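Visitor: Below is one structure. I have some questions about it.
The values are calculated or read from the model by the stated rules, or taken from the named source; none is laboratory data. The structure presented is a predicted model; accordingly, all values stated were derived computationally and were not measured. Cβ: placed from backbone, ideal geometry, glycine included. Neighbour counts: every protein chain shown. Ligands, DNA and RNA are stripped out before the accessible areas are found, and what is left, the full protein with its side chains, is counted by its heavy atoms. Shrake-Rupley method; radii C 1.70, N 1.55, O 1.52, S 1.80 Å.
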Amino acid sequence: MLEPRILFVSKPMAPPWNDGSKNLVRDIAANLTRARAAVMITKGGEPIGPRVSAEPIYRDAGRFAPSVTANARVALRLLTGDPLDAWHFVFAPNPLSSSVALFAKMARRAAGWRGRVVQTVASAPRTFDGAARWIFGDVVVTLSEHTRQGLFGAGVNADLLRVIPPCARAPRVLSQDERARVRARYHIGDGPVVLYPGDYEVSHGAQTVAAAVPAIVRAFPDTTIVFACRKKKSDAKIAQRIIERDLDRCGAAAKTRHLGEVSSMADLLSIASVVAFPVDDLYGKVDLPLVLLEAMALGIPLVVARGGPLETFDFAPMVNPGDPHALAEHVIELLANEDIARAIGRQGMHMYHARYTPEIVASAYDDLYAELLG
């Protein structure tokens, strides 16, 4: 079969590009060279690549979870539109979406379709207990070995499971003047910047970073610790207020910035000396968050939590979840020793170019489609 046609079933391919699973589909579809992708966009939306066809399924870009109406429109497309040669679903397993996908697959096959179904698990479920019931693909792709092992332990057939990592576009390197404007925009001085691009409310990452702030600023008083945290749950504001209160009580609040959801994480990465990501719960996130891949592409050193999928980044210093003392020690060492920071940054950049570029990951999916479709 020459250039198989792949229908991606995902959130709408439309800005803002601030969602890991959505960006993953965009970058895979736009970089396929042996298959042709069709993606779902909003009415009047723009195509994402010259080799990618676009179907206006969605009314608007929506938020992070598609509405019931949006899911119904997707289901109608699957049941009545051209099925193409394969369907590629990219989302976190959940009862509603998985049930609709399985029903559509069975209905089209009963009508004679012989296409194949790929299911990419965009983020791990809250718990793997019972997760096997939401697996419906002819092949199931996880973004990390950690999630593959979790699904296997939950009863998913090992023969169905593959690991293909996520990808991210390398951010543009900003000029010195542009970086100065970023600092001015967020009222950040000329000193080192430690960036935490995680969450307040799901993991213990923000609390761990906040508890490390006093030690970091004692060692480097001109350092600014930036919390760039998108709020996904209703208790995020409460969690942020508690952290800000604790920082104020220890006299370190002035050394931090709480920016919320930013329009360009790449701008913050351009001024970051270190990315601190001691996140112990990646629920709702891509297994290897794209902001970390972008930091690696820029050669920025990371400090991450051990015990989960982030252990893939074996070049980076690791801390036990909830250990602010170890986090502070690693950050201080990276700020104090430019040679060590540069060496870790180079290792991360090398790993990015070897595993996580859109071209490399799209090629792995090209291989997978060819295998499935003969």
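Visitor: Could you give the size of the charge dipole of the chain about its Cα centre, using +1 on the Cβ of each K and R and -1 on the Cβ of each D and E, expressed in debye and rounded to the nearest 20?
Guide: About 1260 debye.
Visitor: Next question, about the same structure. Pull up all non-local amide H partners of Gly299: gap of 5 or more, or a different chain, and H-to-H distance under 5 Å with H placed in the peptide plane.
Guide: For Gly299, whose amide H was placed from the backbone, the distant partners under 5 Å are Met349.
Visitor: By how many degrees, between 0 and 90 and to the nearest 10, does the Cα long axis of helix 95-110 differ from the longest principal axis of the chain?
Guide: So the helix axis and the longest Cα principal axis differ by about 30 degrees.
Visitor: Give me the 1.4 Å probe accessible area per residue for the chain, excluding ligands and nucleic acids, in Å².
Guide: Ligands and nucleic acids excluded, the result is 44 Å² per residue.
Visitor: I need the phi-derived Karplus couplings for the stretch 200-211: 6.51 cos²θ - 1.76 cosθ + 1.60, θ = phi - 60°, integer Hz, Gly and Pro marked x.
Guide: Computed from phi, the couplings for the stretch 200-211 are 8, 10, 8, 9, 9, x, 5, 4, 5, 5, 4, 5 Hz.
Visitor: Using a 1.4 angstrom probe on the protein heavy atoms only, could you order Arg26, Arg306, Arg126, Arg162 from most to least accessible area?
Guide: Arg126, Arg306, Arg162, Arg26
Visitor: Can you sort Trp113, Trp87 by solvent-accessible area, 1.4 Å probe, largest first?
Guide: Result of the area sort, largest leading: Trp113, Trp87.
Visitor: Can you send over the solvent-accessible area of Asp222, 1.4 Å probe, protein chains only, in Å² to the nearest 10?
Guide: Accessible area, nearest 10 Å²: 90 Å².
Visitor: Would you mind calculating the relative contact order of the chain from Cα pairs under 8 angstrom and at least 6 residues apart, reporting the percent as a whole number?
Guide: Working: 722 pairs, mean separation 64.7, N = 374.
RCO, the chain: 17 percent.
Visitor: Taking K and R as +1 and D and E as -1, what net charge do the other residues with C-beta under 13 Å from the C-beta of Thr142 add up to?
Guide: Value of the local net charge: 0.
Visitor: Further question: If the chain between Lys233 and Arg51 were fully stretched, how many nm would it gain, using 0.36 nm times the residue separation less the Cα-Cα distance?
Guide: 61.8 nm
Visitor: Among rounded, prolate and oblate, which fits the stretch 44-183 when a ≥ b ≥ c are the square roots of the eigenvalues of its C-alpha gyration tensor, a/c under 1.5 means rounded, and a/b larger than b/c means prolate?
Guide: Oblate, because a/c is 1.5 or more while a/b does not exceed b/c.
Visitor: Divide by every residue of the chain the summed helix terms, -39500 (n - 2.57) for each DSSP H run of at least 4, and state the resulting mean residue ellipticity at 222 nm, rounded to the nearest 500 deg cm²/dmol.
Guide: Here the helix-only value at 222 nm equals -12500 deg cm²/dmol.
Visitor: Output wanted: per-residue J couplings in Hz (rounded whole) for the stretch 359-374, from phi through Karplus 6.51 cos²θ - 1.76 cosθ + 1.60, θ = phi - 60°, x for Gly and Pro.
Guide: Couplings: 5, 5, 5, 4, 5, 5, 6, 4, 4, 5, 4, 4, 5, 5, 9, x Hz.
Visitor: Can you tell me the 0 to 90 degree angle between the C-alpha axis of helix 68-80 and the longest principal axis of the chain, rounded to 10?
Guide: Computed tilt is about 40 degrees.
Visitor: Separation of the stretch 345-363 and the stretch 130-198 by C-alpha centroid, Å?
Guide: After rounding, the separation between the Cα centres reads 13 Å.
Visitor: Now for a separate question. Counting only the heavy atoms of the protein chains, how much of Glu311 is accessible to a 1.4 Å probe, in Å² to the nearest 10?
Guide: The accessible area of Glu311 comes to roughly 90 Å².
Visitor: What angle do you read, to the nearest 10 degrees and between 0 and 90, between the alpha-carbon axis of helix 324-336 and the longest principal axis of the chain?
Guide: Computed tilt is about 80 degrees.
Visitor: Using amide H atoms built 1.01 Å from N in the peptide plane, name the residues 5+ places from Phe91, or on other chains, whose amide H lies under 5 Å from its own.
Guide: Under 5 Å from the amide H of Phe91: Thr120, Ala122.
Visitor: Another question, if that's okay. Which length gain, in nm to one decimal place, applies between His353 and Thr80 when the Cα-Cα distance is subtracted from 0.36 nm times their residue separation? Don't skip to the answer; put the middle values down first.
Guide: On the way: separation 273, 0.36 × 273 = 98.28 nm, distance 4.06 nm.
Full extension of this stretch gives 94.2 nm more.
Visitor: So, with a 1.4 angstrom probe, what is the percent of accessible area on the chain that is carbon and sulfur? Walk me through the intermediate numbers first.
Guide: On the way: 8660 of 16330 Å².
C and S fraction of accessible area: 53 percent.
Visitor: Moving on to the next point. If His258, His88 are ordered by their accessible area, calculated over protein heavy atoms with a 1.4 Å probe, which sequence runs from highest to lowest?
Guide: Sorted by accessible area, descending: His258, His88.
Visitor: Additional query: How high is the FRET efficiency from Asn71 to Asn157, r the C-beta distance, R0 22 Å, rounded to 0.05?
Guide: Rounded to the nearest 0.05, the efficiency is 0.25.
Visitor: Here's another thing I want to ask about it. Suppose we keep just the DSSP beta bridges with both residues in the chain; what percent of those would be antiparallel, to 5?
Guide: 0 percent
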